[in-house]
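Right, one structure below, let's go through it.
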């Protein structure tokens with residue numbers, strides 16, 4: 001146990017830099033109540049030394065211990081559990097370098113978040129359309145943690161649109177009619193009305209649903225306010241962008257045959273969609289256009305820059321397809337996309353200027369693609 005009396009101004013500085021939370025990596029437990037109550041015993045907040053204040057203490061040193069005993073940079077704010085963890089239970093696993101990294105990570109994050117201006121505040125929209133996907137959206141904390149440094153929550157609650165209770169099956173046309181109407185009504189009531197009243201100025205979107213409904217949500221969002229769309233990953237299970245990942249190598253294929261053919265646009269980033277599967281729906285004379293990735297997989301969309309690049313390629317394709325096939329055509333979309341990219345498909349579409357999109361969905365009940373919604377009709 002430390003014997004050094006830490007000066008009050010140093011204690012205040014540490015509590016401030018840590019935002020009153022445990023600095024142990026992954027904990028972040030709030031300890032403010034302990035500060036107000038003046039408790040430094042039992043199971044509450046502790047000011048811990050990284051290099052012990054005595055040579056015999058954890059990570060102690062005959063020369064450095066007395067020099068660092070009251071140094072703010074040598075102190076961590078910890079909950080009781082992790083104070084005991086670093087000094088007693090798992091001492092060997094917590095060398096000085098590891099604890100300094102934890103302290104730096106925590107205090108840097110606090111500095112970034114508290115430096116955000118009101119202009120970066122965004123309302124959080126959560127959208128889900130079945131039981132499993134709704135469960136994946138339950139953790140408000142994990143969603144809020146994914147927003148900095150670009151955005152922070154404008155309020156402590158989320159705007160939730162959940163499409164549940166539909167008695168139709170997803171291979172039935174009635175299912176898609178019902179779900180689209182439910183989405184439109186909920187969006188108008190919970191989002192559009194608040195945008196028109198100037199309550200919502202920016203949105204951060206966290207959405208998991210069948211791809212046609214994600215595209216429909218994106219089309220409702222459009223560009224009415226600035227929107228940031230987030231991506232859900234399986235590994236690691238998080239909504240945070242993974243900036244240190246390699247960029248996606250996009251591949252575009254344009255159709256060069258006769259223009260008066262049914263149009264298919266294959267959008268395949270998270271999985272492979274073969275041309276044979278599309279021809280089995282639209283026929284052998286289909287005009288095939290595609291935007292795919294070199295190595296498609298479920299967690300491919302890890303960087304916001306790749307999402308921007310996807311939108312740029314898609315905008316180009318929409319323009320070229322319209323110029324090639326004429327203004328009376330309809331584009332049949334066959335998607336295998338990350339959730340963020342599916343939302344952005346709908347946002348890229350320009351109302352009245354772009355061709356209508358008929359969205360197909362891979363359905364297990366019928367063993368192939370089925371038509372669902374028509375966007376921008």
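Mind checking the full-extension length gain between residue 62 and residue 27? Use 0.36 nm per residue of separation minus the Cα-Cα distance, one decimal, nm. Don't skip to the end; give the middle numbers.
Numbers: separation 35, 0.36 × 35 = 12.60 nm, distance 3.13 nm.
Full extension from residue 62 to residue 27 adds 9.5 nm.
Report the FRET efficiency, 1/(1 + (r/R0)^6), for residue 96 and residue 150, where r is their Cβ-Cβ distance and R0 is 35 Å, rounded to 0.05.
Working: r = 33 Å, r/R0 = 0.94.
Computed FRET efficiency for residue 96 and residue 150 comes out at 0.60.
Using all C-alpha to C-alpha distances in segment 54-125, build P(r) with 10 Å bins and read off the rounded percent in each one.
Pairs per bin, as whole percents: 16, 40, 23, 14, 7, 1.
What order do you get for 365, 204 when you list them from fewest to most C-beta neighbours inside 10 Å?
Values: 365 10, 204 26.
Least crowded to most crowded, the residues run 365, 204.
In segment 89-105, whose amide N lies under 20 Å from the spot 7 Å out along Cα-to-Cβ of residue 73? List them in ranges.
Flagged as within label range: 95-105.
Tell me, in nm to one decimal, what length is gained between residue 377 and residue 197 on full extension, where the rule is 0.36 nm per residue of separation less the Cα-Cα distance?
Details: separation 180, 0.36 × 180 = 64.80 nm, distance 2.75 nm.
So the extension gain works out to 62.0 nm.
Would you calculate the separation in nanometres between label points at residue 181 and residue 252, each defined as 7 Å from the Cα along the Cα-to-beta-carbon direction?
Between residue 181 and residue 252, the label points sit 3.9 nm apart.
Hey, what did the chain get for relative contact order, percent, Cα under 8 Å, at least 6 apart?
Details: 638 pairs, mean separation 49.4, N = 377.
It rounds to 13 percent for the chain.
Inverting the mean 1/r over all pairs of different Cα atoms, compute the Kirkwood radius of segment 250-318 and quote it in Å. Please list the in-between numbers first.
Details: mean 1/r = 0.0771 Å⁻¹.
It is 13.0 Å.
What whole number of Å gives the distance from the Cα centroid of segment 159-176 to the Cα centroid of segment 188-213?
So the separation of the two Cα centres works out to 18 Å.
Per DSSP helix of 4 or more residues, -39500 (n - 2.57); summed, then divided by the residues of the chain. What does that give at 222 nm, rounded to the nearest 500? Present the calculation step by step, with values, prior to reporting the outcome.
Working: 13 runs with 127 residues, N = 377.
One gets -10000 deg cm²/dmol as the mean residue ellipticity at 222 nm.
When the chain is treated as a GNM, springs tying every alpha-carbon pair under 10 Å, which of 360, 178, 233 comes out with the largest mean-square fluctuation?
Fluctuation is largest for 178.
With 10 angstrom as the radius, rank 265, 282 by how many other C-beta atoms surround their C-beta, starting from the fewest. Before the final figure, lay out the partial values.
Details: 265 23, 282 18.
Going from least to most buried by this count: 282, 265.
If I build a Gaussian network model for the chain, linking alpha-carbon pairs within less than 10 angstrom, which residue out of 326, 60, 222 has the largest mean-square fluctuation?
60
Return the whole-Å distance between the Cα centroid of segment 303-377 and the Cα centroid of segment 53-112.
Cα centres, segment 303-377 to segment 53-112: 53 Å.
Taking the DSSP beta bridges in the chain as the whole, what percent of them are antiparallel, to the nearest 5?
On the way: 15 of 45 bridges.
Counting only bridges with both partners in the chain, antiparallel ones make up about 35 percent.
Taking the DSSP beta bridges in segment 250-375 as the whole, what percent of them are antiparallel, to the nearest 5? It would help to have the intermediate numbers written out before the result.
On the way: 10 of 25 bridges.
Percentage antiparallel, nearest 5: 40.
Take the Cβ-Cβ distance between residue 309 and residue 235 as r, set R0 to 22 Å, and report the resulting FRET efficiency rounded to the nearest 0.05.
Efficiency computed from Cβ-Cβ geometry: 0.45.
Give me the distance in nm between label points sitting 7 Å out from Cα along the Cα-to-Cβ direction at residue 285 and residue 327, one decimal.
In this crude label model, residue 285 to residue 327 measures out at 2.6 nm.
Among 270, 328, 142, which one moves the most in a GNM of the chain with springs linking Cα atoms closer than 10 Å?
The residue with the greatest mean-square fluctuation here is 328.
At 10 °C and a viscosity of 1.306 mPa s, what translational diffusion coefficient does Stokes-Einstein give for segment 8-114, taking Rh as the Kirkwood radius over Cα pairs? Give it in µm²/s as a whole number. Write out the running numbers ahead of the final one.
Working: Rh = 13.8 Å.
Here the translational diffusion coefficient equals 115 µm²/s.
Once a ≥ b ≥ c are taken as the square roots of the eigenvalues of the Cα gyration tensor of segment 210-265, is the result rounded (a/c under 1.5), prolate (a/b larger than b/c) or oblate (a/b not larger than b/c)? Before the final figure, lay out the partial values.
On the way: a/c = 2.47, a/b = 1.50, b/c = 1.64.
Since a/c reaches 1.5 but b/c is at least a/b, the shape of segment 210-265 is classed as oblate.
Take the chain, compute every pairwise Cα distance, and split them into 10 Å bins from 0; I just need the percent in each bin.
5, 20, 24, 19, 13, 10, 6, 2, 0
Computed from the coordinates by the stated procedures, all read-outs in this text should not be read as laboratory data. Quantities reported herein were computed from a predicted structural model and do not represent experimental measurements. A quick note on method: Cβ atoms are made from the backbone with ideal geometry, for glycine too, and the neighbour counts reach across all protein chains shown.
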